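Worksheet: one structure, shown below.
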Amino acid sequence: MNKATERILEKPSFSRDDLIALLEAEGEAKKKLFTLSQSVKAENVGKKVYFRGLIEYSNACSKNCFYCGIRSANRRYQRYRMTDQEVMEAADFAFESHYGSIVIQAGEQSGKMYVNKIASLLRNIHQRTGGKLHVTLSLGEQTEETYRRWFEAGAHRYLLRIEESDPVLYEKLHPANQRHSYQKRLEALHLLRKTGYQVGTGVMIGLPFQTTAHLANDLLFFRDLDIDMAGMGPYIEHQDTPLYQYRDQLLPLKTRFDLSLKMVALLRIMMKDINIAATTAMQTIDPQGREKALLAGANVIMPNITPVKYREDYLLYENKPCLDEEAAECRTCLEARISMAGDTVAYGEWGDSAHYAKR
Ligand code: 5AD
Ligand code: SF4
Ligand code: FES
């Protein structure tokens, strides 16, 4: 059985059943999977890690995803939005630290004022860094017009996780209304591509009702969509969310973590030159989670540069790390971790996905 699984690794491409077998691999087959993903990484993207300073701009959100701690129905958190000055200070920190780029992330918000505000932040950042600091947005589903305005104002990349590529499971994880439509999510990903962004997506791993067949399909979904970037991490329950009631039916944390590593490794083998993030959620389960993700094939890390006073209010899931560490502390901490994983930080490089460049 194990030998048969090992032989799958020699195939030029994986079928759905191959992926399921590899996601369930243990022992020697699992070891070989990671050896292969490591060498694919070294050959195709090198042993470099790109830093993206993460700005958690606002926790206001109009959505009510069943898994997320900052869903609008949760009254526990004080809703905040960073001031323009705070955003500029964070951007300056990233720029002065030679991070090639930043990510501006927030709950999903819309409206003319909001769209203008983001556009003006983008123009300001562009101006003060002479266009040298690249900006990724992670601001949810927007209209095509909004995507275009932000692109023209200087954003280059956009992250929008599909969260789960199976429409039936997607529906179980979201309220049944137009605001949470799977179809719209999918359309948004196509609009982003059409607008010219480098497009990133991803899923949560170890969700209630999710099987290895779902995860195999998620990987095929990424391949078919021909994505440029991926961010995936374990699902971690949050007590103020509807999905919390299923906590006893979840895979153990360790298994969710292991599956996440395998997802990273498999995606690296399938899509050799894309950017894959070692996500913060991985570190929530294992103190060395992000280093392990790098070893498995990831090549991007998003050090948190949000002002510390807001961090407690941006808890998408429980036990999120770095709540008290200032941006500079995370930088030092991550440098040490990355060198332990045998990689080096590519300071001063944008780190665009090589995949996007080739398209
Ligand atoms: N566990 C792990 N990840 C989560 N996210 C939201 N809630 C959770 C959770 N409970 C992820 C989603 C979202 C990203 C910003 O955070 O995938 O796209
Ligand atoms: Fe809002 Fe995103 Fe959380 Fe959904 S996952 S509730 S859209 S912040
Ligand atoms: Fe923030 Fe280690 S990354 S303290």
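Below are the figures for this structure:
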read-out	value
Whichever residue in segment 106-156 is open to solvent by less than 40 Å² (accessible area, probe 1.4 Å), polar (S, T, N, Q) and within 16 Å of ligand 2 (Cβ to nearest atom) and, among such residues, is nearest to LEU316 (Cα to Cα)	SER138
Boolean, ARG179 is over 27 Å from ARG359 (Cβ atoms), surrounded by fewer than 21 Cβ atoms within 10 Å (Cβ to Cβ) and in contact (Cβ under 8 Å) with a residue 12 or more places away in the chain	yes
In segment 339-350, the residues that are in contact (Cβ under 8 Å) with a residue 24 or more places away in the chain and either within 16 Å of ligand 2 (Cβ to nearest atom) or over 18 Å from SER101 (Cα atoms) (or both)	MET340, ALA341, GLY342, ASP343
Matching option when the condition is away from ligand 3 (no atom under 16 Å from the Cβ), among the β-branched types (Val, Ile, Thr) and in contact with a Ser or Thr (Cβ under 6 Å, 6 or more places away or on another chain), among ILE162, ILE125	ILE162
Exclusive hit being within 16 Å of ligand 1 (Cβ to nearest atom) and of a type in the set (Ser, Thr, Tyr), set THR146, THR136	THR136
Matching residues in segment 281-327 - criterion: being touching a residue at least 60 places away in the same chain (Cβ under 8 Å), assigned to a helix (DSSP H, G or I) and either within 11 Å of ligand 3 (Cβ to nearest atom) or open to solvent by 20 Å² or more (accessible area, probe 1.4 Å) (or both)	LEU295, TYR310, ARG311, ALA327
Qualifying residue in segment 183-199 (condition: farther than 26 Å from LEU243 by Cα, part of a helix (DSSP H, G or I), over 20 Å from the mean Cα position of the chain (by Cα) and not polar (S, T, N, Q))	yes
Considering residues of segment 9-63 that are over 26 Å from LEU173 (Cα atoms) and polar (S, T, N, Q) only, the residue surrounded by the most Cβ atoms within 10 Å (Cβ to Cβ)	SER37
Selected residue (criterion: surrounded by the most Cβ atoms within 10 Å (Cβ to Cβ)) from residues of segment 333-359 that are out of contact with any helix residue (DSSP H, G or I) (no Cβ under 9 Å at 6 or more places or on another chain) and closer than 10 Å to PRO303 by Cβ	GLU335
Condition check for TYR197: under 20 Å from ASP273 (Cα atoms), open to solvent by less than 30 Å² (accessible area, probe 1.4 Å) and in contact with a strand residue (DSSP E or B) (Cβ under 9 Å, 6 or more places away or on another chain)	yes
Some residue of segment 80-89 being within 14 Å of ligand 2 (Cβ to nearest atom) and under 23 Å from the mean Cα position of the chain (by Cα)	yes
Unmet requirement for LYS184, which otherwise passes all of (1) buried (at least 19 other Cβ atoms within 10 Å of the Cβ); (2) out of contact with any Leu (no Cβ under 7 Å at 6 or more places or on another chain)	(1)
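One line per residue, one yes/no per condition, for (1) away from ligand 1 (no atom under 16 Å from the Cβ); (2) closer than 30 Å to GLU335 by Cα; (3) not aromatic (Phe, Trp, Tyr):
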position	(1), (2), (3)
LYS32	yes, yes, yes
SER39	yes, yes, yes
ASN44	yes, yes, yes
LYS48	yes, yes, yes
LEU54	no, yes, yes
ASN64	no, no, yes
TYR67	no, no, no
VAL87	yes, yes, yes
ALA94	yes, yes, yes
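The values are calculated or read from the model by the stated rules, or taken from the named source; none is laboratory data. Note that the structure is a prediction, hence the values are computed from the model and not measured. Neighbour counts run over all protein chains shown; Cβ positions are idealised from the backbone, glycine included. Quick note on the areas: whole protein, heavy atoms, side chains included, nothing else; ligands and nucleic acids left out. Shrake-Rupley method; radii C 1.70, N 1.55, O 1.52, S 1.80 Å.
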